[in-house]
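This report refers to the structure that appears directly beneath it.
The values are calculated or read from the model by the stated rules, or taken from the named source; none is laboratory data. None of the values given here were measured: they were computed from a predicted structure. Don't worry about glycine lacking a Cβ; one is built from the backbone with ideal geometry, like all the others, and counts go over all protein chains shown. Keep in mind that these areas ignore ligands, DNA and RNA; they rest on the heavy atoms of the full protein, side chains included. Shrake-Rupley method; radii C 1.70, N 1.55, O 1.52, S 1.80 Å.
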Amino acid sequence: MIYFIGAGPGDPDLITVKGKKLIDEADVIIYAGSLVNPDVLKGAKPSAVIHNSAYMNLDEVIDVIKESTDKGLRVVRVHTGDPAIYGAIREQMDRLDELGIGFEVVPGVSSFLATAAVLKKEYTLPDVSQTVIITRMEGRTPMPPKEKLADLARHNSTMVIFLSIGFIEELCSTLIEGGYDPKTPVAVVYKATWPDQKVLRGDLTDIAEKVKDAKIEKTALTVVGGFLGDEYGLSKLYDKNFSTGYRKGQ
Ligand code: SAH
């Protein structure tokens, strides 16, 4: 049995209690060193063998898991944020299935949720947007033809764009082309919850320049939409005139 663990966005206190316990008990730790804060491994046993998967390919990761589980060792595979979001976890799970190695997934706080917390905003505001689109720009991984950014932009929903800070100019022009008002507010959060976190705010016309000036080139999320503004409807859930399953309206 091995555990895939979401390490959270950066702050080592933002891992789940379950994830931390498993790391602290592990004999073998494989972690995504390019993004996982090494401080989440601080409680590991001194005897734990630690592998940084930034230097490994899929075969090498699977080999370490297989050799270790064959010896009866406790193995954890630590991913940044939550492994279900751009985590390349599925290909590993499928290989483990083929090998008959059992696994469990322990979720984590994705950076897109940490970003909302840093910004002190809610992605789903009544009368603004009730939909969050998580996407990216095309890089080495191609975008499916029905998911072109300009098409997704047409909804004017809340949008969270991963892995794309290097293409911020093209990102903004495509979103405008797709139908967002050029004055739509945008925030860029670099290394949310890390000590060197940075937050930039602007709109689709000026954020790219701010990103260039701040020399932000990686590990950042771009969030777009009216949810960053101050106009919205109040919720029905807490409306004093409405009854809910728990509370009678006045
Ligand atoms: N599974 C991760 C995402 C991995 S893809 C998660 O759930 O967050 C890597 C991309 O995630 C980065 O290029 C960046 O766009 C984003 N990212 C990861 N950690 C971040 C952080 N602390 N702050 C801002 N963006 C982050």
inquiry  = Quick check on my filter: what residues within segment 33-57 are assigned to a helix (DSSP H, G or I) and open to solvent by 70 Å² or more (accessible area, probe 1.4 Å)?
reply    = Pro38, Tyr55
task = Take Ala7 and decide whether it is hydrophobic (A, V, I, L, M, F, W, C) and buried (at least 21 other Cβ atoms within 10 Å of the Cβ).
result = yes
task = Taking the options Val76, Val132, Val128, name whichever one is at pLDDT 95 or above and surrounded by fewer than 19 Cβ atoms within 10 Å (Cβ to Cβ).
result = Val132
inquiry  = Among the residues that make up segment 228-239, is at least one of them within 21 Å of the chain's Cα centre (by Cα) and within 12 Å of the ligand (Cβ to nearest atom)?
reply    = no
query = Just wondering, is there one or more residues in segment 96-103 that are more than 20 Å from Ser34 (Cβ to Cβ), touching a residue at least 40 places away in the same chain (Cβ under 8 Å), in a strand (DSSP E or B) and among the hydrophobic types (A, V, I, L, M, F, W, C)?
reply = yes
Residues located in segment 167-193, provided they are of a type outside the set (Gly, Ala, Ser) and open to solvent by 50 Å² or more (accessible area, probe 1.4 Å) = Phe167, Glu169, Glu170, Ile176, Glu177, Asp181, Pro182, Lys183
ask   = Counting just the residues of segment 135-166 that are of a type in the set (Val, Ile, Thr), surrounded by 15 or more Cβ atoms within 10 Å (Cβ to Cβ) and within 15 Å of the ligand (Cβ to nearest atom), which one comes out farthest from Phe112 (Cα to Cα)?
value = Ile165
ask   = Does Lys71 fit the bill of being away from the ligand (no atom under 14 Å from the Cβ), in contact with a Pro (Cβ under 8 Å, 6 or more places away or on another chain) and either more than 30 Å from Val160 (Cα to Cα) or open to solvent by 50 Å² or more (accessible area, probe 1.4 Å) (or both)?
value = no
note = With the first residue restricted to segment 68-91 and required to be outside the structural domain of Gly139 (by TED's automatic domain parsing), and the second required to be within 9 Å of the ligand (Cβ to nearest atom) and open to solvent by 50 Å² or more (accessible area, probe 1.4 Å), Cβ contacts under 6 Å at 6 or more apart or on different chains are Thr80/Leu35
Restricting segment 86-113 to residues that are touching a Phe, Trp or Tyr at 6+ places or on another chain (Cβ under 7 Å) and open to solvent by 30 Å² or more (accessible area, probe 1.4 Å), the residue that is nearest to the ligand (Cβ to nearest atom) = Tyr86
task = Give the residues of segment 1-27 that are touching a residue at least 40 places away in the same chain (Cβ under 8 Å), of a type in the set (A, V, I, L, M, F, W, C) and more than 16 Å from the ligand (Cβ to nearest atom), sorted by residue number.
result = Met1, Ile2, Leu22, Ile23, Ala26
